[in-house]
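K.L.:
Below you'll find the structure I mean.
Any read-out appearing in this document is the output of simple, stated calculations on the displayed coordinates, not a laboratory observation. Every value quoted in this text rests on a predicted model; they were computed, and no experiment measured them. Counting neighbours? That spans all protein chains shown, and the Cβs are built from the backbone with ideal geometry, glycine included.
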Amino acid sequence: MRLVRTLGLSAALVLGLLLSPAAAQAPRSVVVQTVTEPPGLDLTATPASATAAVVFYNIQEALVKVDRHGKLVPWLAERWHTTDNRNYTFFLKRGVRFHNGREMTAADVKYVFERAMNPETKHPYPGYYAAISDIIVRDDYTITFSLKSLNANFLLNLARQGSVIYPREAVDALKSEPMGTGPFKLAEWVRGDRIVLTRNPDYHVKGLPMLDRVVFRFIPDPNATLAALKAGDVDASLFGLGPEHVQELQKDARFQVIVGDTTNDVILATNNSRKPYADVGVRRAITYAIDKQDVLKGAMFGLGKILGSNVDPLNPYYIDVSGLMPYDPAKAKKLLVEAGYPNGFETVLKVAPQYYYTVRTGEIIVNHLAKVGVKVKIEQIEWGQWISRVWRDADYDLTIIGHAEAWDIANYANPKYYFRYDSAEFQNLFNASEVTLDDKARRELYVKMQRKLVEDAPAVWLYMHPRLVVAKKGIQGIWKDLPVPSADLSEVAWAK
Amino acid sequence: MRRYLVRRLAAFVATLFFVSVLVFVVVRVLPGDPALLIMGTEGSPEVAARLREAMGLNRAIPVQYADWLWRALRGDLGVSIQYDVPVARLIVSRLPVTLPLTLLAACLMSVTALPLGLYAATRHRRAGDYVAMVFSQIGIAIPSFWAGLLLILLFSVRLGWVQSGGFEGWSGGLWPGIRSLLLPAIALGLFQAAVLVRATRSAVLDVLREEYVRTARAKGVSEALVLGKHTLRNALVPIVTVAGIQLGQLMAGSIILESVFALPGLGRLALGAITARDLPVVQGVTLFVAACIVLINFAVDIAYVILDPRIRYD
């Protein structure tokens, strides 16, 4: 034992001597914790947010970027122009190199999108590119996309995680060795334990990234995460901690707690095709019966924001409609009487404990609904079952889930989506918004859609799940809000 | 002995076959579709359906099983849906964590449980016995994941002696590897040791009441020899039986502890695969663990013969 200690001590001394010139500077690596290991690293094959957290913006990038404020900014394309909103010409940034050293050209861009549009490749979101009719390479740095029809979301779709640009020669290895133009390169993926990224020295943005090395460690258990933070084994937790841990860590001088906004709206979905929720009166009654403040306080320790409709606060067209149907149990009771349920009814709430907030939120809502005579039985089901039974087959009365995707109002215009909400008026508004390019007119349509959703109450929008980041003091540059499901670490650095 | 071995081998093959059919059917009957799980709530059901087709999940279950079995017989356990890596390679990559962890826990379990059980038996109904039994009761009552968290709090957060989790690998030498497995092995071995203490104590007590022990003592044989030679060896048969079962349980117990300590072991691989409906991996890991448990039982049977020459398999 003594021998081991002596050996260890001398090794530490030698190491310390070797590293002493560097030790004077701030460290250039961070270890971040994430909950789930990505199910493969191919953004063109999986919509998993665990994959996006590692790959999107760190390893691979798109022509257009959603920045930390939620704004669309030119990225791999340094600018674009269109005269008719049908033909978009992009001018690619010159000198952008893939991690294998080859320069990115327009041919790569064409290849990437044609591959995404090919049903054989099973890209998760072929719909994003459905409007494209033709892609024409003008020269190595100029490319034109022709659209079949007007598409207000075209640029946004090019900024999505499925639209990343990768070199054609790396296509077969995307799942395990993704290659791109990002600030970091994949160095190592130790399955089950960690993913290590190293600095891309040829990165096309001068001065970035600020770190030499990033380690993503997969720690599923929140208590273990807390311990790892306190023991100094991880420098930051980006997704792993719940609101119950935040208060304790806010008091701890070693850490900074970042509470921000996300696009994750937690909802109580009602099955609009099933009795009694087919009746809009009942759905409104449910909305009036739920005290969202109380839910937020009980389930999320007050962190997050109350929602009134599907559109989240990070969306530029967001308006606050949370006050339009406030908590009013008396009104809820009256509506239930009018709908023919003077004594309430019995119903089942299916939740998947994989997402901790669904169960907590459900338990509180059960009490609220009991006060107006609606007796709710909570049924906890495993995630795999949830996605088959509830999401695919719409075999449910009530369910609670967070919808993390940005700009997902389209789900309410799809009568086959598991809400089974079928309103011709809403669908018309949505379809119009998809082809309206004038910002002011489009905003008006979004306002109308939000109001229409409140009126029809196809779901109860409870709250926006907050972004909760805990990091050691001294780490700078972490995004406060999360307008896209990414963990962009290019600007993260230790304070000098 | 040869007939015994042949019988044993046949039982081994039959067990694996039975397990493989069971897992195959259960995993496929379970609601939950791997393609849907990959696509999540924002993907389109049409793409998921195409993915299902490509994964060969639309074929009849017996056809799928026959296909799987035919490949497995040639040593091909398929490719993981999640990781896109051959299942066999995935399992092998997790062994450097799970095997040492299990062995370490088993060692800790034996070196604490055997002496303590022996001690308790010799102090039957006296203070030492009660103290040992209270400790054992506590050990049984504490869930291993909680014990794991307490150990992390004490040794990593408070004292900073070891890392709070994760696995450093064996490339840096023996000690860093063992160091990252030490806490989980203690947490894992604790409960099993608590059970084994009781088994040891009662087995030893039984033997202590035997005539030959009284004879040995009457002959004037030293107490150490009485306990070590006459008692323990005879008590070992039931102890080994319990220990064998526990070795199997250690493998199962590692599923939870590997999550607490964020270790890339077999247990977490299995857990993740079940959640993601990564069927080839679930199948492969279950078969592997089943094979290990059958082998452990076999080893226990062989140990009987060595411990007690009166036992013969014919």
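K.L.:
Over all alpha-carbon pairs in chain B, figure out the percentage whose distance exceeds 38 Å.
P.N.:
29
K.L.:
At 37 °C and 0.692 mPa s, grab the translational diffusion coefficient of the stretch A:270-325 from Stokes-Einstein with a Kirkwood Rh over Cα pairs, rounded to a whole number in µm² per second. Intermediate results must be reported in sequence, preceding the final value.
P.N.:
On the way: Rh = 12.9 Å.
Estimated via Stokes-Einstein, D reaches 255 µm²/s.
K.L.:
Same structure again: Mind listing the phi-derived Karplus ³J(HN,Hα) values for the stretch B:16-24, rounded to whole Hz, using 6.51, -1.76 and 1.60 with θ = phi - 60°, and x for any glycine or proline?
P.N.:
Values per residue, Gly and Pro as x: 4, 4, 4, 4, 5, 5, 4, 4, 4 Hz.
K.L.:
If each Cα of the stretch A:380-496 is one equal point scatterer, what is log10 of I(q)/I(0) from the Debye formula at q = 0.14, 0.20 Å⁻¹?
P.N.:
One equal scatterer on each Cα of the stretch A:380-496 leads to -0.81, -1.14.
K.L.:
Next up: Could you work out [θ]222 nm for the protein assembly as shown from helices alone, using -39500 (n - 2.57) per DSSP H run of at least four and dividing by all its residues? Round to the nearest 500 deg cm²/dmol. Numbers along the way, then the final one.
P.N.:
Values: 24 runs with 365 residues, N = 810.
Value at 222 nm, helices only: -15000 deg cm²/dmol.
K.L.:
Could you grab the relative contact order for chain A? Cα pairs under 8 Å, six or more apart, rounded to a whole percent.
P.N.:
Reported as a whole number, the value is 21 percent.
K.L.:
Can I ask one more? Enter the angle in degrees (range 0 to 90, nearest 10) between the Cα long axis of helix A:356-371 and the first principal axis of the Cα atoms of chain A, meaning the one along which they spread out most.
P.N.:
Taking Cα atoms only, the helix is inclined about 20 degrees.
K.L.:
Grab the alpha carbons of the stretch B:192-268, take their convex hull, and tell me the volume per residue in Å³. Intermediate results must be reported in sequence, preceding the final value.
P.N.:
Numbers: hull volume 6.9 nm³, N = 77.
Cα convex hull per residue, to the nearest whole number: 89 Å³.
K.L.:
Which of A:PHE56, B:PHE135 has the fewest other C-beta atoms within 10 Å, and how do the rest follow up to the most? Kindly include the intermediate steps, with their values, before the conclusion.
P.N.:
On the way: A:PHE56 26, B:PHE135 16.
Fewest to most other Cβ atoms nearby, the residues stand as B:PHE135, A:PHE56.
K.L.:
For A:ILE143, enumerate residues with amide H under 5 Å from its amide H, sequence gap 5+ or separate chain, H modeled in the peptide plane.
P.N.:
Counting only residues 5 or more places away or on other chains, the set is A:PHE90, A:LEU92, A:ARG138.
K.L.:
Here's another thing I want to ask about it. Past 24 Å, Cα to Cα, is the threshold; run A:LYS292/A:LYS440; A:LYS148/A:LYS452; A:LYS175/A:LYS230; A:LYS297/A:LYS371 against it and keep the listed order.
P.N.:
Working: A:LYS292/A:LYS440 31 Å; A:LYS148/A:LYS452 29 Å; A:LYS175/A:LYS230 33 Å; A:LYS297/A:LYS371 18 Å.
Beyond 24 Å: A:LYS292/A:LYS440; A:LYS148/A:LYS452; A:LYS175/A:LYS230.
K.L.:
Could you tally the net charge around B:ARG8, taking each other residue with its Cβ under 11 Å from the Cβ of B:ARG8, Lys/Arg +1 and Asp/Glu -1? Walk me through the intermediate numbers first.
P.N.:
On the way: positive: B:ARG2, B:ARG3, B:ARG7; negative: B:ASP301.
Result for the neighbourhood of B:ARG8: +2.
K.L.:
A further question follows. Let's test this: bin the Cα-Cα distances of the stretch A:283-401 at 5 Å from zero up to the farthest pair and state each bin's percent.
P.N.:
2, 11, 18, 20, 21, 17, 9, 2, 0
K.L.:
Among B:PRO31, A:LEU43, A:TRP461, flag the residue with its Cα farthest along the positive direction of the charge dipole of the protein assembly as shown, charges on Cβ as +1 for Lys/Arg and -1 for Asp/Glu.
P.N.:
Value: B:PRO31.
K.L.:
So if I place +1 on the C-beta of Lys and Arg and -1 on the C-beta of Asp and Glu, and nothing else carries charge, what would the dipole magnitude of the stretch A:377-474 be about its Cα centre? I want it in debye, nearest 20.
P.N.:
Working: 14 positive and 15 negative charges, 108 e Å.
My answer is approximately 520 debye.
K.L.:
Where the Cα atoms of the stretch B:1-99 are projected onto their three principal axes, how long is each span, largest first, in whole Å?
P.N.:
Each principal axis gives a Cα extent; for the stretch B:1-99 these are 61, 34, 22 Å.
K.L.:
Just want to confirm a number: the relative contact order over the stretch A:369-496, from Cα pairs under 8 angstrom separated by 6+ residues, in percent.
P.N.:
Values: 83 pairs, mean separation 20.0, N = 128.
Averaging sequence separation for qualifying contacts and normalising by length gives 16 percent for the stretch A:369-496.
K.L.:
Shifting gears a bit: Can you compute the charge dipole magnitude of the stretch B:77-166 about its Cα centre, using +1 on each Lys and Arg Cβ and -1 on each Asp and Glu Cβ, nothing else charged? Give it in debye, rounded to the nearest 20. Walk me through the intermediate numbers first.
P.N.:
Values: 6 positive and 2 negative charges, 52 e Å.
Taking the Cα centre of the stretch B:77-166 as origin, the dipole is about 240 debye.
K.L.:
Going by alpha carbons, how many degrees (0 to 90, nearest 10) lie between the helix axis of A:439-456 and the longest principal axis of chain A?
P.N.:
Approximately 50 degrees, to the nearest ten.
K.L.:
Output the relative contact order of the stretch A:106-166, whole-number percent, from Cα pairs under 8 angstrom with separation of 6+ residues.
P.N.:
Numbers: 65 pairs, mean separation 22.2, N = 61.
Relative contact order comes out at 36 percent.
K.L.:
How many partner chain Cβ atoms sit within 10 Å of a residue's Cβ in peptide B:159-168, on average, as a whole number? Show your work: numbers first, answer last.
P.N.:
Numbers: counts 1, 4, 1, 2, 4, 12, 12, 12, 4, 1.
The mean count of partner-chain Cβ atoms within 10 Å per residue comes to 5.
K.L.:
Sticking with this structure for a sec: So for the stretch B:194-237, Kirkwood radius off the Cα pairs, Stokes-Einstein at 25 °C and 0.890 mPa s: how many µm² s⁻¹? Spell out each step's value before the answer.
P.N.:
Values: Rh = 10.5 Å.
For the chosen part, D equals 233 µm²/s.
K.L.:
Work out the P(r) tail for the stretch A:156-241: percent of alpha carbon pairs separated by more than 22 Å, whole number.
P.N.:
Numbers: 1560 of 3655 pairs.
Above the 22 Å cut-off, the stretch A:156-241 has 43 percent of its Cα pairs.
K.L.:
Okay, moving on. Could you tell me the center-to-center distance, by alpha carbons, between the stretch B:248-263 and the stretch B:36-99 in angstrom?
P.N.:
23
K.L.:
Can you work out ³J(HN,Hα) from phi for every residue in the stretch B:265-281, in order, using Karplus 6.51 cos²θ - 1.76 cosθ + 1.60 and θ = phi - 60°, giving whole Hz and x for Gly and Pro?
P.N.:
Rounded to whole hertz, the list is x, 5, x, 5, 4, 5, 4, x, 5, 5, 4, 8, 6, 7, 4, x, 6.
K.L.:
Provide a whole-number value for the mean count of partner chain Cβ atoms within 10 Å of the Cβ atoms in peptide A:372-383.
P.N.:
On the way: counts 0, 0, 0, 0, 0, 0, 0, 0, 0, 2, 5, 5.
Whole-number average of other-chain Cβ neighbours for A:372-383 is 1.
K.L.:
Can you work out the base-10 log of I(q)/I(0) for the stretch A:325-364 at q = 0.15 1/Å, using the Debye formula on its C-alpha atoms alone?
P.N.:
The Cα Debye sum returns log10 ratios of -0.55.
K.L.:
For A:GLU61, list long-range residues whose amide hydrogen, built 1.01 Å from N in the peptide plane, is under 5 Å from its own amide hydrogen.
P.N.:
Amide H to amide H, under 5 Å and 5 or more residues apart or across chains, A:GLU61 pairs with A:ILE165, A:THR181, A:GLY182.
K.L.:
Hey, got the average number of other protein chain Cβ atoms within 10 angstrom for residues in A:217-225?
P.N.:
Details: counts 3, 5, 7, 7, 9, 0, 7, 11, 3.
Per residue, the number of nearby Cβ atoms from other chains is 6 on average.
K.L.:
Within 10 Å of each residue's Cβ, count the other Cβ atoms and sort A:SER163, A:SER423 from fewest upward.
P.N.:
Values: A:SER163 24, A:SER423 19.
Arranged by neighbour count, lowest to highest, A:SER163, A:SER423 become A:SER423, A:SER163.
K.L.:
For the protein assembly as shown, what is one quarter of the convex hull surface built on the Cα atoms, given in nm²? Spell out each step's value before the answer.
P.N.:
Details: hull surface 167.8 nm².
If I average the Cα hull's projected area over directions, I get 41.9 nm².
K.L.:
For the stretch B:178-314, state the average projected area of the convex hull of the C-alpha atoms over all orientations, rounded to one decimal in nm². Let's see the in-between values first.
P.N.:
Working: hull surface 44.6 nm².
With the hull built on Cα positions only, its mean projection is 11.2 nm².
K.L.:
When a footprinting reagent is the concern and you count Cβ atoms within 10 Å, what order do B:TYR212, A:TYR355, A:TYR418 take, fewest first?
P.N.:
Numbers: B:TYR212 12, A:TYR355 18, A:TYR418 23.
If I rank by nearby Cβ atoms, fewest first, I get B:TYR212, A:TYR355, A:TYR418.
K.L.:
Run the paramagnetic zone check for B:ALA127: 7 angstrom along Cα to Cβ, then residues of the stretch B:206-235 with backbone nitrogen under 19 Å.
P.N.:
Taking a point 7 Å out along Cα→Cβ of B:ALA127, no residue of the stretch B:206-235 has its backbone N under 19 Å.
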